[in-house]
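The structure appears right after this line, and notes come after that.
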Amino acid sequence: MAERLALIAKYALGLAMAGIIYAMFLVVPQYVGLGDAGRIIIVHVPTAWVTSAAFALSAIYSIVYLRTRSPLHDASAVSAAEVGMLFCIFATVTGAIFAEVVWGTFWNWDPRETTILVLLLIYAAYFALRSSIDDGARRRRLSAVYNIFACVTMPFLLFVAPRVADSTLHPNCAFLQGSKCEGVSLDLNGAKISQLGDVVVELKAVEQVGDMTRAVVEVRMPGLTEYADLAPTMDSEGKAADRPEFPGQSFRMILIEADPQAGTARVNMQAPGTGLLSNQRTLWVFLASNVTFGLLALWIYRIRATILQVSARLQTTEAF
Amino acid sequence: MDAIELTDISIDYGARRVLSHLTLRLERGMVMVITGQNGSGKSSLLRVLAGLQRPSTGHVGCVTGTQAVLPADARQDIGWMAPDLMLYRELTGRENLRFFADVRGVDIPDAAIVALLDRVGLQGRADDLLATYSSGMTHRLRYAYALLHRPSLLLLDEPSVMLDERGHALLEEVVATQRLHGITVIATNDPREQRFADTLVRLEGVV
Amino acid sequence: MNNSLLWRATKAVFVREVRSELRSRQALNAVALFAVCSIVAVSIGLGPLNRSAELPLIHAALVWIVLLFAAFTALARVFVVEEEQRTAAALRLAAPVHAVYLGKLLFNLVLLVALTLLVAVLAVVLLRMQVKAPTAFAVMLAAGSLGLVTGTTLIAAIIARASSRSTLFAVLSFPLLIPLLVTAVRGTALALAGAGWDRCLAPIQTLLAYAVAMFVTSLFLFATVWED
């Protein structure tokens, strides 16, 4: 009975994965400014969180191993790390592809990129350590210690990573799901010059044009000598309408608030791809993909853990 | 330490079991000698008794009164020497002993350290770097390391392998003194040393 | 474990490390040579740099990169040499576990502080590094050094029992040191540029928090690494 169920589950998982791939290319609509590259998010995001979960699982089993000293627990820790590494590579590569197409650079030291890279380095180090120790018990013990030690540094990374993007070379709020910063407020009668990331912005005008509110903002990109005028607009309901692109970049300027009478406006930088998930079909495919990838990871992990555990058991009985 | 108990001790070299389910108990005043071919597990057994190695099965208990602790927790009461015990070559004999005394928390005045060096036959060499000692002298310093803190349990692995006749006399004196207040375990192939034994354990080689 | 006993043993381990190092001078030489070569290479290669808004950041990054790689060459020595010289068994049998860790940690810290001093002086002289907030700079370097040693000493103990030790030390340590590196470089740049305490305090706090976290975790895990 249980075997039957397992067989059915296996086929169901295969079908679901095939379904996701199909949907990713044929069901999900294209996005303005992103082209087909946006589809990669369907697979990129799930692999990213799966790798973090795998890392956590590996650390937990490492702690358990140090308590019990049972090779079976170590086998679980290693399998989780293997699955994690596999998905980490996938997440990093898909992420870099997306970044190149959308943002123009392969690597941005964006917080998420930094975190995934560090995770990749930790996985690689873990396996390098394991392969350099011959004695079985010592190998298990020391790699478990390293796993736990590496885990302790993760909170610092999560805390520190956002500050990496704080340098003068990279834009600050360019995250995928839209800007997390509130943008800058400009006032024609007061502070009309400010900075968005490292782009200097100056408010030139705020006017009502028909039923749209428009702000005219002069932008000075670092390294470029010409200035450019951008005119983001907002409709009567306060939703941003026209989002002009920054010159030479894929980022767009959006108008968040505007008051033509007072001469104030609030503008922000936005990465393309924001609002990707507001489309219903995409959202459902995305959710389904998360579930499918999670199950896939679990399945690979179970198989690998079983193999390693069987091998560990064989080794102990072989001796006598 | 009043006694040391081995319960069901087995030792493996990788996949090969060299010692199988040994159980015995040694009390104060007893001397046990372990003999066997090279590779038969003599040194490993001594390391297990010292707490430097974990046995593959079973456990060792250092018994004081009704309390039993692992050798790793009874370090201050165990003295061990072996041919592969290396001390710090860039320090002098005196500095080595002073370091190990400090690190063990043993209050021992300088004069006593010098006296110990004399006892093991290193008189006048206290302030020479260990790197300048001959192999015989290095071995004598190992005795000093093992005896520094007056342990109840003394573990001697190949104690006279690098020593001459005078060295042998040192071993006799050490065993005789230790017999008075503690337990001695010697691992050796030297037939002369087997006569020290109250208990003789012969480890068979691999079949 | 009796505290005064632990302290006495720690001191003994530390003094012994210092004594051995002064007699062989291996780590000192390697580290000093590395620092001098790196700074000279950069100085010759870059030539005089124009003062710009980014110069403090560049100087800070250079200083920390040199410290990081010099650390990779020298900080594993305390444990690796014990294994190579086979003295580990004697120490294992005689010393309380935590005294071993604390004594060697202290030694690494002193070594790194000496190195930091050397690198700072070299950078000022050869790279014309301007230190506009000297106290903040010193505190930043001290906090960063503390983080660097607490983050790497346990790793040194781990790799001492493995093969290909030198590369493994760098491979294992580097990912864990990234948060430290980022914070230290930025914080040092702020101090070089003369930022006030209100801005320098945050990175210093982060560095110290990192050091404390690494230290406490190492204390918990060291016995497992040190046992045979």
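Values computed for the structure shown
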{"quantity": "Residue in the stretch A:55-68 that is under 20 Å from the mean Cα position of the chain (by Cα), in the same structural domain as A:ARG313 (by TED's automatic domain parsing) and crowded, with 20+ Cβ neighbours inside 10 Å present", "calculated": "yes"}
{"quantity": "Residue list for the stretch C:83-122, filter: of a type in the set (Val, Ile, Thr), away from chain B (no Cβ under 12 Å) and surrounded by fewer than 20 Cβ atoms within 10 Å (Cβ to Cβ)", "calculated": "C:VAL110, C:VAL113, C:VAL121"}
{"quantity": "Verdict on A:ILE63 being within 30 Å of B:ALA15 (Cα to Cα) and at pLDDT 95 or above", "calculated": "yes"}
{"quantity": "Subset of the stretch C:60-82 (residues that are away from chain B (no Cβ under 11 Å), farther than 16 Å from C:MET140 by Cβ, in a helix (DSSP H, G or I) and open to solvent by less than 10 Å² (accessible area, probe 1.4 Å))", "calculated": "C:ALA70, C:ALA71, C:ALA74, C:VAL78, C:PHE79"}
{"quantity": "Considering residues of the stretch A:152-174 that are buried (at least 19 other Cβ atoms within 10 Å of the Cβ) and more than 7 Å from chain C (Cβ to nearest Cβ) only, the residue modelled with the lowest pLDDT", "calculated": "A:PRO171"}
{"quantity": "Filtered residues of the stretch A:121-147 (kept if at the interface with another protein chain (Cβ under 7 Å from one of its Cβ atoms) and of a type in the set (Gly, Ala, Ser))", "calculated": "A:ALA125, A:ALA128, A:SER132"}
{"quantity": "Subset tally (residues that are among the polar types (S, T, N, Q) and touching a residue at least 60 places away in the same chain (Cβ under 8 Å)) for the stretch A:100-145", "calculated": "2"}
{"quantity": "Every residue from the stretch B:48-62 that is buried (at least 17 other Cβ atoms within 10 Å of the Cβ), away from chain C (no Cβ under 12 Å) and among the β-branched types (Val, Ile, Thr)", "calculated": "B:VAL60"}
{"quantity": "Residue count for the stretch B:119-164, restricted to those that are modelled with pLDDT under 90 and among the β-branched types (Val, Ile, Thr)", "calculated": "1"}
{"quantity": "Residues that are within 9 Å of chain A (Cβ to nearest Cβ) and surrounded by fewer than 21 Cβ atoms within 10 Å (Cβ to Cβ), drawn from the stretch C:172-195", "calculated": "C:PHE174"}
{"quantity": "Any hit, the stretch C:152-163, residues being surrounded by fewer than 18 Cβ atoms within 10 Å (Cβ to Cβ) and more than 8 Å from chain A (Cβ to nearest Cβ)", "calculated": "no"}
{"quantity": "Subset of the stretch C:196-228 [within 15 Å of the chain's Cα centre (by Cα) and either more than 9 Å from chain A (Cβ to nearest Cβ) or open to solvent by 20 Å² or more (accessible area, probe 1.4 Å) (or both)]", "calculated": "C:LEU207, C:LEU208, C:ALA211, C:VAL212, C:PHE215"}
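Residue by residue, here is whether (1) part of a helix (DSSP H, G or I); (2) among the polar types (S, T, N, Q) holds:
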site: A:GLU113; (1), (2): yes, no
site: A:ILE116; (1), (2): yes, no
site: A:LEU119; (1), (2): yes, no
site: A:TYR123; (1), (2): yes, no
site: A:ARG130; (1), (2): yes, no
site: A:ILE133; (1), (2): no, no
site: A:ARG138; (1), (2): yes, no
site: A:SER143; (1), (2): yes, yes
site: A:ALA150; (1), (2): yes, no
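The values are calculated or read from the model by the stated rules, or taken from the named source; none is laboratory data. It should be emphasised that the depicted structure is a prediction, and the values quoted were computed from it without experimental measurement. All Cβ positions, glycine included, derive from the backbone under ideal geometry; neighbour counts span all protein chains shown. Note: accessible area is taken over every heavy atom of the protein model, side chains too, but ligands, DNA and RNA are not part of it. Shrake-Rupley method; radii C 1.70, N 1.55, O 1.52, S 1.80 Å.
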